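These notes concern the structure reproduced below.
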Amino acid sequence: MTVVEKILAKATGQKSVKAGDVLEPSVDVAMSHENAALVINQFNEVYQGTGIEPKVWNPDKIAIIFDHRVPAESSKTATNQKKIRDFVGANNIKRFHDIRSDEGGICHQILAEYGYIRPGFVVVGTDSHTTTHGAFGSFAFGIGATEMATVWTLGKVLNVEVPETIKVIVNGKFSSNVYPKDLILHLIGKISAQGANFKVLEFHGEVIKNMPMSGRLVLSNMAVEAGATAGIIPGDDETAFYLKEHGVTEKIEYVTPDADANYCQVVEINVDDLVPMLACPHTVDNVKPVTSFKGKHVDQIVIGSCTNGRIDDLEIAANILNGKKVAHGTRMLIFPASWNIYKDAMKKGYLETFASAGAVIMNPGCGCCLGVHQGALGDGEVALSTTNRNFKGRMGNPKAEVYLCSPAVAATSAISGEITEPAKGEL
Amino acid sequence: MAKVIYKFGDDISTDAIYPGRYMATVLPTETPQFCFADYTELNEKLKSGEYAKGSAIVADNNFGCGSSREQAASTLRGYEMLVIAKNFARIFLQNSINVGLNLITCPDIEVNIGDELELKGDKVLNKTTGKSFEIIPLPKARQSIVDAGGLIPYTRKILVDSTKK
Ligand code: SF4
């Protein structure tokens, strides 16, 4: 069996399952953000007319994190947030992360750094980038609000077809200016935005084995941009190490695929010759080397998000920007993925480096990533961003262009004000 | 009968169907106003009723890719839209079924704007051109949610049955 088959067999109490089976797996973690407002609405509707008191199946398995619009950008959002806060209190949901600098951040970063995920878990979230948690060897996938209302009611997902798995084997060695972000952009470009539709990507190979959790989170996070239901990296010592560092004391069991597991496709990548990449407007699979847009003027540079807003991303950017200035005519926005990262970056002096360079440091949250508040683009403007989506309108303006890249490309380009490849060996 | 009001290409994202900046609006009764908000003319003709309820939109591959926002399904549901595509992205497909939006997977579909379509069993009939195209049926488990009238009544029944036991 593949990893996802093993996880689903366990979650349904069966010896074995195979791709195509339809199951109702029980859920270990159910995550929502501000769209919990809609989940609450649908949840109450499920109970309507039944005479049964609405009650979540297990408050300890539900996590709710405010991140999409923090602090609230409108009275409507604030009212939604208030409604959620009341629900959280009434249902005794403890994994609630409010708009606070001692517990807040982007939902996917919070699940990771608070140690909520284990290898072998079934994780659902009302957010498509819930795939992020496949980095811990869990089966983690995005669902809609109504489906989450079902999970809150019954503790399971009612309609899961066991997905086929694509095995991705990554070998070789990254050049010093190439990062996991370049690898995942390359893979998405190679198999297309729908190349893994309804399937799971399972990552293997020496590059993955040697990759720290921060990089693995980037790969799993963006698996959905190839259409994948999930992007799984089987658990190993790095998984256990990361969880231990983040306060998990129990022994970590891994779920690994059988030697004779059935894969629908195998994709092999050697990263020896991989160069820094860009996802160009307006699809994530429109991937080209950074050099092909060399010299293109950039109006807004963004470093942050659940993809590349972690401490090592900020470290890369700070090392490049140290003692330098963001070019005039270009603005730079930085939003760390969580408040713990923000405070770590403050201690390490990165925030000072950014502020001295002229970058604007925003509070952790989704900020401009999805174009809801802060950092919108003007008509005809060009953004270069470490986020994960460049769809038309994504940063709040359908008449603007968004290019996606690694933090190194973003920081290097901030200094020149133009799309620029980071030099090798300097970092 | 459903008239084709718009044709889309590949990879139409949920940001295109329902832009992120309107995501604070969540209730199915309120989402239709922002349907295809960045396609100004389409949005206005939907809102004004110039395009009748129950009209059809037709797309190529991977319709509904991207975010899991359920507003993308409920906004189309508000216009009782018939959505035909060569194939759909997973979360959008599931959300649509959950909220009772009529999605038809039809890999060979050929239409022009203004054509009149009719669903006939396992085929889409283009009444304007006289051609008909095979529909790929939903997997059984999804069909049972459609038959129940959406995921809410489906879940409600399981809930009620479980408390009876
Ligand atoms: S940072 Fe962007 S992609 Fe990540 S959860 Fe927030 S809005 Fe979604």
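The values are calculated or read from the model by the stated rules, or taken from the named source; none is laboratory data. Keep in mind that what you see is a predicted model, and the values were worked out from it rather than measured. Cβ placement follows ideal geometry from the backbone for every residue including glycine, while neighbour counts extend to all protein chains displayed. These accessible areas exclude ligands, DNA and RNA; they are computed on the full protein's heavy atoms, side chains included. Shrake-Rupley method; radii C 1.70, N 1.55, O 1.52, S 1.80 Å.
Output the residues belonging to region B:20-47 that are open to solvent by 70 Å² or more (accessible area, probe 1.4 Å) and within 16 Å of the ligand (Cβ to nearest atom).
B:R21
Can you tell me which condition A:R310 does not meet? The list is (1) away from the ligand (no atom under 16 Å from the Cβ); (2) within 24 Å of A:H129 (Cα to Cα); (3) crowded, with 16+ Cβ neighbours inside 10 Å, and all the others hold.
It is condition (1) that A:R310 fails.
Search region A:124-140 for residues being more than 21 Å from B:M23 (Cα to Cα) and assigned to a strand (DSSP E or B), and hand back the single one that is farthest from the ligand (Cβ to nearest atom).
Across region A:124-140, the extreme among qualifying residues is A:F139.
Which residue pairs have Cβ atoms under 6 Å apart, sit 6 or more places apart or on different chains, and have a first residue in region A:413-426 that is among the acidic types (D, E) and a second that is crowded, with 19+ Cβ neighbours inside 10 Å and at pLDDT 95 or above?
Note: pairs meeting the criteria are A:E421/A:P276; A:E421/A:V290.
Could you look through region A:27-58, keep only residues that are within 23 Å of the chain's Cα centre (by Cα) and under 17 Å from A:Y116 (Cβ atoms), and pick out the one that is nearest to the ligand (Cβ to nearest atom)? Lay out the reasoning, then the answer.
Step one: of region A:27-58, the residues within 23 Å of the chain's Cα centre (by Cα) are A:27-39.
Still in the list and also under 17 Å from A:Y116 (Cβ atoms): A:27-33, A:36.
Details: A:V27: 19, A:D28: 20, A:V29: 16, A:A30: 16, A:M31: 10, A:S32: 12, A:H33: 7, A:A36: 14 Å.
Within region A:27-58, the match that is nearest to the ligand (Cβ to nearest atom) is A:H33.
Do we have any residue at all in region A:131-148 that's out of contact with any Ser or Thr (no Cβ under 9 Å at 6 or more places or on another chain) and within 18 Å of B:I91 (Cα to Cα)?
Taking every residue of region A:131-148 in turn, none turns out to be out of contact with any Ser or Thr (no Cβ under 9 Å at 6 or more places or on another chain) and within 18 Å of B:I91 (Cα to Cα).
Among the candidates B:Y39, B:Y6, which residue alone is of a type in the set (F, W, Y), at the interface with chain A (Cβ under 10 Å from one of its Cβ atoms) and under 27 Å from A:A193 (Cα atoms)?
Exactly one of B:Y39, B:Y6 is of a type in the set (F, W, Y), at the interface with chain A (Cβ under 10 Å from one of its Cβ atoms) and under 27 Å from A:A193 (Cα atoms), namely B:Y39.
Where in region B:8-93 are there helices (runs of 4 or more DSSP H), lying fully within it, with 2 or more residues that are of a type in the set (D, E)? Give the derivation first.
Numbers: elements: B:14-17, B:40-48, B:71-77.
The qualifying helices (runs of 4 or more DSSP H) are B:40-48.
Determine, yes or no, whether A:V22 is more than 16 Å from the ligand (Cβ to nearest atom), more than 10 Å from chain B (Cβ to nearest Cβ) and of a type in the set (V, I, T).
So A:V22 fails the test.
Return yes or no: is A:L154 within 12 Å of another protein chain (Cβ to nearest Cβ) and over 24 Å from A:V224 (Cα atoms)?
yes
Here's the yes/no breakdown for (1) within 14 Å of chain B (Cβ to nearest Cβ); (2) within 16 Å of the ligand (Cβ to nearest atom); (3) not acidic (D, E):
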{"site": "A:A226", "(1), (2), (3)": "yes, yes, yes"}
{"site": "A:E253", "(1), (2), (3)": "no, no, no"}
{"site": "A:I269", "(1), (2), (3)": "no, no, yes"}
{"site": "A:D285", "(1), (2), (3)": "yes, no, no"}
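List the residue pairs whose Cβ atoms are under 8 Å apart, where the first residue sits in region B:130-145 and is assigned to a helix (DSSP H, G or I), the second is among the small types (G, A, S), and the two are 6 or more positions apart or on different chains.
Within 8 Å, no pair qualifies.
For the condition assigned to a strand (DSSP E or B), out of contact with any Cys (no Cβ under 6 Å at 6 or more places or on another chain) and over 27 Å from A:G227 (Cβ atoms), what is the one hit in A:M346, A:M332?
Being assigned to a strand (DSSP E or B), out of contact with any Cys (no Cβ under 6 Å at 6 or more places or on another chain) and over 27 Å from A:G227 (Cβ atoms) holds for just one of A:M346, A:M332, which is A:M332.
Taking the stated definitions as given, is A:A72 more than 12 Å from A:W152 (Cα to Cα), within 9 Å of chain B (Cβ to nearest Cβ) and open to solvent by less than 10 Å² (accessible area, probe 1.4 Å)?
Against the criterion (more than 12 Å from A:W152 (Cα to Cα), within 9 Å of chain B (Cβ to nearest Cβ) and open to solvent by less than 10 Å² (accessible area, probe 1.4 Å)), A:A72 does not qualify.
Say whether the condition of being aliphatic (A, V, I, L, M) and either part of a loop (DSSP other than H, G, I, E, B) or within 16 Å of the ligand (Cβ to nearest atom) (or both) is met by at least one residue in region A:234-246. Steps first, answer last, please.
Step one: filter region A:234-246 for residues aliphatic (A, V, I, L, M), giving A:240, A:243.
When the remaining residues are screened for being either part of a loop (DSSP other than H, G, I, E, B) or within 16 Å of the ligand (Cβ to nearest atom) (or both), the result is none.
Looking through region A:234-246, none of the residues is aliphatic (A, V, I, L, M) and either part of a loop (DSSP other than H, G, I, E, B) or within 16 Å of the ligand (Cβ to nearest atom) (or both).
When you go through A:A37, A:A19, A:A90 one by one, which is the residue that is of a type in the set (A, V, I, L, M) and open to solvent by 70 Å² or more (accessible area, probe 1.4 Å)?
Testing whether each residue is of a type in the set (A, V, I, L, M) and open to solvent by 70 Å² or more (accessible area, probe 1.4 Å) leaves just A:A90.
Say we look at region A:69-83 and pick out the residues that are within 23 Å of the chain's Cα centre (by Cα) and within 21 Å of A:K94 (Cβ to Cβ); which of these is farthest from the ligand (Cβ to nearest atom)? Break it down into steps so the answer makes sense when it comes.
Narrowing region A:69-83 to residues within 23 Å of the chain's Cα centre (by Cα): A:69-73, A:77, A:81.
From what is left, the residues that are within 21 Å of A:K94 (Cβ to Cβ) are A:70, A:81.
On the way: A:V70: 10, A:Q81: 15 Å.
Checking each candidate, the answer is A:Q81.
Only one residue in A:N363, A:N340, A:N322, A:N390 is open to solvent by 20 Å² or more (accessible area, probe 1.4 Å) and under 23 Å from A:V178 (Cα atoms). Which one?
When all the criteria are applied, what remains is A:N322.
Is it the case that some residue within region B:72-82 is out of contact with any Phe, Trp or Tyr (no Cβ under 8 Å at 6 or more places or on another chain), within 16 Å of the ligand (Cβ to nearest atom) and of a type in the set (G, A, S)?
If we filter region B:72-82 for residues that are out of contact with any Phe, Trp or Tyr (no Cβ under 8 Å at 6 or more places or on another chain), which is where we start, we get B:74, B:76-78, B:80-82.
Now narrow it down to the ones that are within 16 Å of the ligand (Cβ to nearest atom): none.
Within region B:72-82 (the criterion being out of contact with any Phe, Trp or Tyr (no Cβ under 8 Å at 6 or more places or on another chain), within 16 Å of the ligand (Cβ to nearest atom) and of a type in the set (G, A, S)), the answer is no, since none of the residues qualifies.
Can you spot a residue in region A:405-415 that is part of a loop (DSSP other than H, G, I, E, B), within 14 Å of chain B (Cβ to nearest Cβ) and more than 11 Å from the ligand (Cβ to nearest atom)? It would help to see each step written out before you state the result.
Within region A:405-415, the first condition is being part of a loop (DSSP other than H, G, I, E, B), and the residues that meet it are A:405-406.
Checking the rest, the ones that are also within 14 Å of chain B (Cβ to nearest Cβ) come to none.
The answer is no; no qualifying residue exists.
Those residues that are assigned to a strand (DSSP E or B), within 16 Å of A:H129 (Cβ to Cβ) and out of contact with any helix residue (DSSP H, G or I) (no Cβ under 6 Å at 6 or more places or on another chain), I need them from region A:59-78; list them, please.
Hit for region A:59-78 is A:A63, nothing else.
Would you check which residues across region A:349-383 are part of a strand (DSSP E or B) and either within 16 Å of the ligand (Cβ to nearest atom) or farther than 23 Å from B:D11 by Cα (or both) and list them?
Within region A:349-383, the first condition is being part of a strand (DSSP E or B), and the residues that meet it are A:360-361, A:382-383.
Correct list: A:V360, A:I361, A:A383.
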